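The values are calculated or read from the model by the stated rules, or taken from the named source; none is laboratory data. All figures in this text were calculated on a predicted structure; none of them were measured in a lab. In this analysis, Cβ positions are derived from the backbone assuming ideal geometry, glycine residues included, and neighbour counts consider all displayed protein chains.
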Amino acid sequence: MSKYKKLWEHLQNNGGMTLKFSFEEIKTIIGFDIDHSFLTYKKESKQFGYQVGKISMKEKHITFAKIGK
């Protein structure tokens, strides 16, 4: 099981076309600070209907976009 599965499920259950979460919001969802390994795991989001968009280290947020319809 992926360590980011809770985040992917949260995206899937939210259902928005474009979602933007701060690093703190993500920490609340998954229970730990986001780390460099996220870059490896981000491709898993496609299995849940989303792709990772912009990752802003300066503003500390990540944007996700719904795939397809």
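Remarks
- Any hit, the range 32-39, residues being modelled with pLDDT of 95 or more and more than 12 Å from the chain's Cα centre (by Cα): yes
- Qualifying position, being under 10 Å from the mean Cα position of the chain (by Cα) and not small (G, A, S), among K66, K54, K20, K60: K20
- The set of residues in the range 5-35 being in contact with a Ser or Thr (Cβ under 7 Å, 6 or more places away or on another chain) and under 18 Å from M57 (Cβ atoms) consists of K20 alone.
- When M17, M57 are checked against the criterion of being touching a residue at least 40 places away in the same chain (Cβ under 8 Å) and exposed (fewer than 11 other Cβ atoms within 10 Å of the Cβ), a single residue qualifies: M17.
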